[in-house]
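Report on the structure given below.
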Amino acid sequence: MDAANKSVSEFVLLGLSNSWELQLFFFIVFSLFYVATMVGNSLIVITVIADSHLHSPMYFLLTNLSIIDMSLASFTTPKMIADYLTGHKTISFDGCITQIFFLHLFTGTEIILLMAMSLDRYIAICKPLRYTSVIRPWVCAALVVASWVVGVMHSMSQVIFALTLPFCGPNEVDSFFCDLPVVFQLACVDTYVLGLFMISTSGIIALSCFILLFNSYVIVFVTIKHHSSKGSSKALSTCTAHFIVVFMFFGPCIFIYMWPLNSFLTDKILSVFYTIFTPILNPVIYTLRNQEVKTAMRKLKNRLLNPNKTTPWHYF
């Protein structure tokens, strides 16, 4: 980095509001959401590992989704909560770049993992006779590894881009964490070209993945519609839950990165969705709507409360 880049050593995070009452409200709400997210997703991971009946590709992918959701909720929410307590809403330049890296790492990884989950459901419902031959354990492991590799590559491209920007004056980030759509507008260069870069590297990629996912779920829903069995009803419930997660995750991302010059207020609201609200959708949707997971959790509770009356735990 040259001297111009180093003229700004820290950024000021303006947060969501300057009102003391609203900050107190956000502190309470976001703290509750964060604890619920960590507890709920941790329960999913522990339950799937502990119950051999859940050792299937769908739940293996769900477990990895829970891990990513916990990571996505943790890269910025704890600092935001701490900022409300201390009133110290600054972040170092390196800390800002780190937030950008982890944000794109976890969102990029989750995008590919959601596509892997949609592939799993597509094969299970539309090609059931080929499911066991296509969706094998090594295939699931490869999909998870691929999702992390893509996430790392995408986040590195964003970080390299951010490090080349010259910051020589304004340092107030009108958000509660660092992300390129708000940080790049502080750079001492023409933001029009930068906006086109973000649209091409993040917006179009997210939109293309969403279109592919949407088409796959349309095919799945049409296939389910031609069946009236109890199994198809269960499949419809599962796929509906998947699609809710996909829509709530992709919607804000597409809007923010396809239109990087929209209002800061809109960006803040949408950022809250995919960094705080979306990570809790996983435990809520997949546990409250899934009888297998609820049954496994009850068995796990009984094992913990009555250890002498249970059989040994099973692991992957």
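Examine the stretch 9-16 for a residue that is farther than 22 Å from L270 by Cα and not in a helix (DSSP H, G or I), and state whether such a residue exists.
So the first thing to find is which residues in the stretch 9-16 are farther than 22 Å from L270 by Cα, and the list is 9-10.
Now narrow it down to the ones that are not in a helix (DSSP H, G or I): 9-10.
Yes, the stretch 9-16 contains a residue that is farther than 22 Å from L270 by Cα and not in a helix (DSSP H, G or I).
Going through the stretch 137-147 one residue at a time, which ones are free of Cβ contacts under 8 Å to residues at least 40 places away in the same chain and open to solvent by 60 Å² or more (accessible area, probe 1.4 Å)?
Scanning the stretch 137-147 gives W138, V145.
Filter the stretch 98-130 down to residues that are under 18 Å from D69 (Cβ atoms) and not in a helix (DSSP H, G or I), then give me how many there are.
0
Being at pLDDT below 80 and touching a Ser or Thr at 6+ places or on another chain (Cβ under 9 Å) narrows it down to one residue among T201, T191; which is it? Walk me through it before giving the result.
Numbers: T191 fails: touching a Ser or Thr at 6+ places or on another chain (Cβ under 9 Å).
Only one candidate passes the filter, namely T201.
Among the numbered conditions (1) more than 18 Å from the chain's Cα centre (by Cα); (2) over 30 Å from E10 (Cβ atoms), tell me where T86 comes up short.
That leaves (2) as the condition not met.
Picking from S233, S237, which residue would you name as being open to solvent by 20 Å² or more (accessible area, probe 1.4 Å), within 24 Å of the chain's Cα centre (by Cα) and at pLDDT below 80? So that I can check it myself, show each step before the final result.
On the way: S233 fails: within 24 Å of the chain's Cα centre (by Cα).
That would be S237, the only listed residue that is open to solvent by 20 Å² or more (accessible area, probe 1.4 Å), within 24 Å of the chain's Cα centre (by Cα) and at pLDDT below 80.
Being acidic (D, E), closer than 23 Å to L143 by Cβ, under 15 Å from the mean Cα position of the chain (by Cα) and open to solvent by less than 50 Å² (accessible area, probe 1.4 Å) is true for just one of D69, D51. Which residue is that?
Numbers: D51 fails: under 15 Å from the mean Cα position of the chain (by Cα).
Being acidic (D, E), closer than 23 Å to L143 by Cβ, under 15 Å from the mean Cα position of the chain (by Cα) and open to solvent by less than 50 Å² (accessible area, probe 1.4 Å) holds for just one of D69, D51, which is D69.
Can we say I91 is open to solvent by less than 20 Å² (accessible area, probe 1.4 Å) and touching a Cys at 6+ places or on another chain (Cβ under 7 Å)? Quick ask: steps written out before the conclusion?
Numbers: open to solvent by less than 20 Å² (accessible area, probe 1.4 Å): yes; touching a Cys at 6+ places or on another chain (Cβ under 7 Å): yes.
The answer is yes for I91.
Which of the residues that make up the stretch 154-190 are part of a helix (DSSP H, G or I) and either touching a Gly at 6+ places or on another chain (Cβ under 8 Å) or open to solvent by less than 40 Å² (accessible area, probe 1.4 Å) (or both)?
Let us first name the residues in the stretch 154-190 that are part of a helix (DSSP H, G or I), namely 154-163, 180-186.
Of everything in the stretch 154-190, those that are part of a helix (DSSP H, G or I) and either touching a Gly at 6+ places or on another chain (Cβ under 8 Å) or open to solvent by less than 40 Å² (accessible area, probe 1.4 Å) (or both) turn out to be H154, S155, Q158, V159, F161, A162, L180, P181, V182, V183, F184, L186.
Considering the stretch 175-226 alone, what residues qualify as being more than 23 Å from M115 (Cβ to Cβ) and in contact with a Lys or Arg (Cβ under 8 Å, 6 or more places away or on another chain)?
The answer is S175, F176, F177.
The values are calculated or read from the model by the stated rules, or taken from the named source; none is laboratory data. Since the structure is predicted, the reported quantities are computational estimates derived from the model, not experimental observations. Cβ sites come from the backbone with ideal geometry, for glycine too, and all protein chains shown count toward neighbours. Calculation scope for accessible area: heavy atoms of the full protein, side chains included, ligands and nucleic acids excluded. Shrake-Rupley method; radii C 1.70, N 1.55, O 1.52, S 1.80 Å.
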